[in-house]
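Only one structure is covered here, and it is reproduced in the block below.
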C-alpha cells in the first residue's frame, strides 16, 4: 500500500519537474527558431507563420550598406578589444591566479566588477572622462571602453584554466633546467590555451553585442551594429532586420559548434 | 592545498604582470567612475557648485522614485521566473546521459551568445499584433481582436526571463552537480517522498548556486537597456532608459551622474545582500 503511494508521489514529482524543464527549454530555443522562419518570409510583415517563403530579405540585406558599415565597425572594434583583452587579461591572470596575497584578491574583485556594475553608468562615465581630457569619440575610445567590459571574461577563464594546472609539472620543468620563459612557452601556454580561447571568444561576442558602452562612445561615423539594429527596430519593423538576425543566429551557432570542439566550451561554463 | 611553499617561485608569477591591466583599469574604469561621483555632487552642469541638489531632486521626486521602484520590482519578477523555470532544467540535466547533457547545455548556452537585439527582436515577432500568440488564439477562435502583449509588464518580464535564463541555469547546474547523489537515495530510503526530499535536501544544498544565479540574473535584468526599451516601449520607463534620456537627450550630466550613482548603489546593495546570503548558505550546506 504505502509502496504504491510513494511511487505515485515520486511520479508526480518527476512529471512536474520534467514538464517545467521541457517548457523552459522550448521557451529558450523558440524565439531564435521563430526569427529564422520569419526571415524567409515572402511577405512585407513579420506575420507568423509567413504567407510564403523566399530569400528576398536576404537579397535586400546584400544592399543594406548602412548595416554593412555598422557591421564592419562592430567587427573591427570587437577584434581590437579582444586582442587587447587577451594581452592584458592573460598577464593579469598569471599574476593573481595562485597568489595568496590580499592584493591579488582585491585586484581580482576589481577586474571582475565590470560584470556586475551597470554598464550604462560606466558608458556615461567613460564619455565624461574622454570629453574632459579632450579625446573625441572614435574607434579608439570604443576599443578602450569595450576592453574594460570584456577583459573580465578573459581573466576569469584564464584563471580557471591555471587552477587546473598541476604545479608539479612546472617544478619538474624547472628541476630539469628549463628557464621560466621556456616552461611558460612549452608547458603552461599549451595547457591553458583552450581556456584563453574560450574567454577570448566570450569577450569577442560580448563586445560585438555591446550596447550600453557603445551608446555613449560612438557617433554617426562609428555606427555600431547592435545600435543600428536597435534604432531600426524603434522606428519601423523592418523585415531586413529579420534576415540580419537570421545571419547572426546561424553565425553564432556555427561559432559555438567550433568552440565546443576546440575548447569544450560547455564544460568550462558549468565547472 | 597548503603544501610546499618553497616551490612558490617556480609555480607562480610576480604581481608585476598584473600592473598593465591594473593601470588600464585605474585610468579607464576607476577614474571615470570617480569623475561621475564628483559631478553628481554638484548642483550645476559646469561642476562649480558643490551640493547634494541632484540627489535631493531624485529622492524627493515621485516620478524618479517610481522609476527606481519599478526597475527593482522588474528585476525581482524576472529573477523569480528564471528560478522557477531554470531549476527544473538543472534538475533534468543531472538525470540524463552525457549526450543529452551536452544538448541541454548548448540549448541554454546559445541564447547567451546570441545578440541581445536579435533575441529581443524575436519577442517582438512573438508578442506583436500579428505575432504567434495572437495568430494562434485568433485561429482557435478564443479571441476576436489581437491582445496587447507588447509594451506590457508581462511582455517585458517574459522576454527578459528568456534573455537572462542562461545566467540562472548555469550556476544551478554546477551547484546540483556538487550534491552527493547518495543523500537523495538516503532520504528516499528513510521514507521521505520525492517532493519532501527536494525541498528539504536538494534545494537547501543547492542554495549557493541559487544565490549565484539570482545575483547574476537580477543584475542583468535591471540593466537590460535594449530589451526593456524595445518590449516596454515608450510608456514604461526603467532606470537605464531614464539615465540615457537625461544624459543624451537632455544633456543633464550632473543629474544623469546622480542617477548612475543611485543605480550603482542599488545594484551593489542587492549584490551584497545576495553575497551575504551566499556565505550563510555555504555554512548551512557544509553543516
Requested in this report: May I ask you to verify whether residue A:214 is surrounded by 16 or more Cβ atoms within 10 Å (Cβ to Cβ), within 16 Å of the chain's Cα centre (by Cα) and farther than 30 Å from residue B:101 by Cα?
Outcome: yes
Query - Residue check, residue B:113 within 29 Å of residue A:36 (Cα to Cα) and either out of contact with any strand residue (DSSP E or B) (no Cβ under 9 Å at 6 or more places or on another chain) or modelled with pLDDT of 95 or more (or both) - result: yes
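What helices (runs of 4 or more DSSP H) completely inside region A:202-271 contain at least 2 residues that are more than 7 Å from every other protein chain (Cβ to nearest Cβ) and modelled with pLDDT of 90 or more? Give the steps one after another, and end with the answer.
On the way: elements: A:212-217, A:225-235, A:239-263, A:265-268.
The qualifying helices (runs of 4 or more DSSP H) are A:212-217, A:225-235, A:239-263.
One line per residue, one yes/no per condition, for (1) modelled with pLDDT under 90; (2) in contact with a strand residue (DSSP E or B) (Cβ under 9 Å, 6 or more places away or on another chain); (3) facing chain B (nearest Cβ under 9 Å):
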| residue | (1), (2), (3) |
| --- | --- |
| A:7 | yes, no, no |
| A:12 | yes, no, yes |
| A:25 | no, no, yes |
| A:48 | yes, yes, yes |
| A:58 | no, no, no |
Report summary line: Reported set for region A:181-198 where residues are within 13 Å of another protein chain (Cβ to nearest Cβ) and under 20 Å from residue B:110 (Cα atoms) is A:198
**Report entry** Count - residues of region A:98-112 that are surrounded by fewer than 21 Cβ atoms within 10 Å (Cβ to Cβ) and within 8 Å of chain B (Cβ to nearest Cβ)
**Finding:** 6
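Rundown of residues vs (1) under 23 Å from residue A:265 (Cβ atoms); (2) within 24 Å of the chain's Cα centre (by Cα), yes/no style:
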site: B:38; (1), (2): no, no
site: B:45; (1), (2): no, no
site: B:54; (1), (2): no, no
site: B:75; (1), (2): no, yes
site: B:90; (1), (2): yes, yes
site: B:95; (1), (2): yes, no
site: B:99; (1), (2): yes, no
Requested in this report: Give me a count of the residues in region B:221-236 that are under 18 Å from the mean Cα position of the chain (by Cα) and more than 9 Å from every other protein chain (Cβ to nearest Cβ).
Outcome: 6
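Yes/no matrix, rows are residues, columns are (1) surrounded by fewer than 15 Cβ atoms within 10 Å (Cβ to Cβ); (2) closer than 27 Å to residue B:216 by Cβ:
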{"position": "B:118", "(1), (2)": "no, yes"}
{"position": "B:127", "(1), (2)": "no, yes"}
{"position": "B:132", "(1), (2)": "no, no"}
{"position": "B:135", "(1), (2)": "no, no"}
{"position": "B:139", "(1), (2)": "yes, no"}
{"position": "B:143", "(1), (2)": "yes, no"}
{"position": "B:146", "(1), (2)": "no, no"}
{"position": "B:156", "(1), (2)": "no, yes"}
{"position": "B:161", "(1), (2)": "no, yes"}
Query raised in the report: Do you know which residues across region B:199-220 are over 21 Å from residue B:108 (Cβ atoms) and within 12 Å of chain A (Cβ to nearest Cβ)?
Result: B:199
Query raised in the report: In region B:127-140, is there at least one residue being under 21 Å from residue B:163 (Cα atoms), assigned to a helix (DSSP H, G or I), more than 7 Å from chain A (Cβ to nearest Cβ) and in contact (Cβ under 8 Å) with a residue 40 or more places away in the chain?
Result: yes
Query raised in the report: Could you say whether any residue in region B:90-100 is facing chain A (nearest Cβ under 7 Å) and closer than 30 Å to residue A:21 by Cα?
Result: yes
Query raised in the report: What helices (runs of 4 or more DSSP H) completely inside region A:117-187 contain at least 3 residues that are farther than 30 Å from residue B:269 by Cβ?
Result: A:139-163, A:167-175, A:180-183
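The values are calculated or read from the model by the stated rules, or taken from the named source; none is laboratory data. Everything quoted here is computed from the prediction, not taken from an experiment. Quick reminder, even Gly has a Cβ in these numbers, built from the backbone with ideal geometry, and neighbours come from all protein chains shown.
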